[in-house]
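Below is one structure; the comments refer to it alone.
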Amino acid sequence: MHRVADMAADYLEHVADYPVLPPVRPGEVRAQLPAAPPAEGEPLESLLGDYRRLIEPNVTHWNHPGFLAYFSITGSAPGILGETLAAALNVNHMLWKTGPAPTELEETVTDWLRQMMDLPAGFVGHINDTASISSLLAIGAARHRAFPEARTQGLTGLPPLTVYCSEHAHSSIDKAVITLGLGQTALRKVPADAAFRLDPAALARMVAEDRAAGRQPICVVATEGTTSSTSVDPVPAIADVAAREGLWLHVDAAYAGSAAICPEYRALMPGMERADSLVVNPHKWLFTPVDCSVLFLRDPDALRAAFALTPEYLRTAEQGTATNLMDYGPQMGRRFRSLKLWFVIRAYGVEGLRVRIRAHCALAQMFASWVRAEAGFEVCAPVPFSTVCFRATPPGDGPAQDTFNERLLAAVNAAGPVFLSHTKLNARIVLRVAIGNMRTREEHLATAWRLVRDGAERLRRAV
């Protein structure tokens, strides 16, 4: 354990020495691994040596200060300590009896987060692994509220159910309707406006059309901080439609919800308090090691009604008087995720977390200003938080510009110091710089911008 602690500390101290993306091709790591398990045990020294030789150099380094591709997952030191101790305890707190302290810590730390995000006191938090599962559970609760008989008899005999989200919503919503048996055609993608926000008027029209066609609308998903552009859907207007039509309102704030702990960014996300359910991922921007996703519910009994099932062998004397977290989803096993979030919040304090989030947003504004000031580049979306969508605009039509930006992205990422990602906005390829790593500083953004500018210049000369 002491050796591993030193290895982890050394890695975090020197992670920037690695290229963010390992220079490895598919199959190369596996080719160096034995095809069969060892018949006899091996010394731990051998295991740690192979970790250093095969694993650490060949991962994508999410803790690297130049990791700017996706919403960054920063494993902060307090979070890593909490994760380590949770692994040592090896608790499965499916029941209160199998984990009294973990159960009650989860209730407490999620309520801390509720207060930090300025959500009403009625909201109750529940920790899952990722927002994909949190949103799946929320839509499952919406299905149960609309048609509780689906729990026992399935969807047979029910009208086609419909769920609504923006065309820019995360693909996990598609996967949720597939997993819940609604079918992907049940997910109705609502057009967005010029700022990539869901159009409430279009939503209302689509709900009316579906009702007229014999379909049954059950849920609408609004996003506060979309994956591609971090746009914020107009949740108050969407909530009005949901209330009028009797729809469950789920708010996906997996990324931007963390910024709601800052009053000025919470003001950019009005209406989240009107949600039936809301998800935020502390492992995205609250410096908690993956995985840790908090699903808030206005009425947690709605989730329990959809999923609770207690076989005889799990009945305990505390039934009905204590919280059994297995009742709030299909998972029986539950890792002790709240410990690392508790460590992070206590170690940095609310103000310390705010300072870091504000610094990331300031870095994004700085990077966007560089792009706007450079001929041959453009910022492609508003920058409300810490993500910048931009692209090069060389001469040529749209497809030619897309090819240019794809080649530019490949060149930047091949250099090693940074890792950027891409998306499509208005059917055009755009590059993304997502700032959320605790170790990212101005010099790392400057390196990224230098690589972008130099790469674009080389590509222009090659034409």
Return the label of the correct value of mean projected area of the Cα convex hull in nm², as calculated from the structure shown, out of (i) 21.2; (ii) 25.4; (iii) 23.4. (ii)
Can you give the FRET efficiency for ALA243 and GLU13, using 1/(1 + (r/R0)^6), R0 = 45 Å, r = Cβ-Cβ distance, to the nearest 0.05? 0.30
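Which of the three applies to region 19-173, rounded, prolate or oblate, going by the alpha-carbon gyration tensor with a ≥ b ≥ c and a/c under 1.5 meaning rounded?
Prolate shape, in that a/c is at least 1.5 and a/b is the bigger ratio.
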If amide H atoms are built 1.01 Å from N in the plane of the peptide, which residues on other chains or at least 5 residues away come under 5 Å of the amide H of MET94? ARG334
Which of the lysines could a cross-linker span from LYS97 if the Cα-Cα distance has to be under 22 Å and same-chain partners fewer than 8 positions apart are dropped? LYS340
Which of ALA362, GLN153, LEU33 sits closest to the plus end of the dipole of the chain, meaning its Cα is farthest towards the positive end, when Lys and Arg get +1 and Asp and Glu get -1 on the C-beta? ALA362
Find how many whole Å separate the alpha carbon centroid of region 223-283 from the alpha carbon centroid of region 430-463. 30
How much FRET efficiency would the formula 1/(1 + (r/R0)^6) give for LEU309 and ASP397, where r is the Cβ-Cβ distance and R0 is 51 Å, rounded to 0.05? 0.35
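I'd like the GluC sites (Glu not before Pro) in region 245-294 restricted to DSSP loop residues with at most 10 other Cβ atoms within 10 Å, sorted by number.
Values: sites: GLU245, GLU264, GLU273; in loops: none.
Qualifying residues, ordered by number: none.
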Between the alpha carbon centres of region 167-192 and region 325-376 the gap in Å comes to 26
Under 22 Å from the Cα of LYS175, which lysines turn up, not counting those fewer than eight places away in the same chain? LYS189, LYS284, LYS424
Once you put a point 7 Å from the Cα of GLU264 and another 7 Å from the Cα of GLN331, both along the Cβ direction, what distance in nm separates them? 3.5
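Can you tell me the dipole magnitude for the chain around its Cα centre, using point charges on the Cβ only (Lys, Arg +1; Asp, Glu -1), in Debye to the nearest 20? Don't jump to the answer; show the numbers that get you there.
Working: 45 positive and 48 negative charges, 147 e Å.
Here the chain has a charge dipole of around 700 debye.
I need the calculated FRET efficiency for the pair LEU44 and SER421, taking r as the beta carbon distance and R₀ as 51 Å, to the nearest 0.05.
Working: r = 37 Å, r/R0 = 0.73.
After rounding to 0.05, the efficiency reads 0.85.
For the chain, what does the helix formula give at 222 nm: sum of -39500 (n - 2.57) over DSSP H segments with n ≥ 4, over the residue count, nearest 500 deg cm²/dmol? Mind dumping the intermediate values first?
Values: 16 runs with 198 residues, N = 463.
-13500 deg cm²/dmol, from helical runs alone.
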In debye, nearest 20, what is the charge dipole magnitude of region 92-335 about its Cα centre with +1 on Lys and Arg Cβ and -1 on Asp and Glu Cβ, if you could check? 440
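Rule-based calculations on the coordinates, nothing more; no lab input. Bear in mind the structure is a predicted one, so any value in this text is a computation, not a measurement. Note that we place each Cβ from the backbone using ideal geometry, even for glycine, and neighbour counts take in every protein chain shown.
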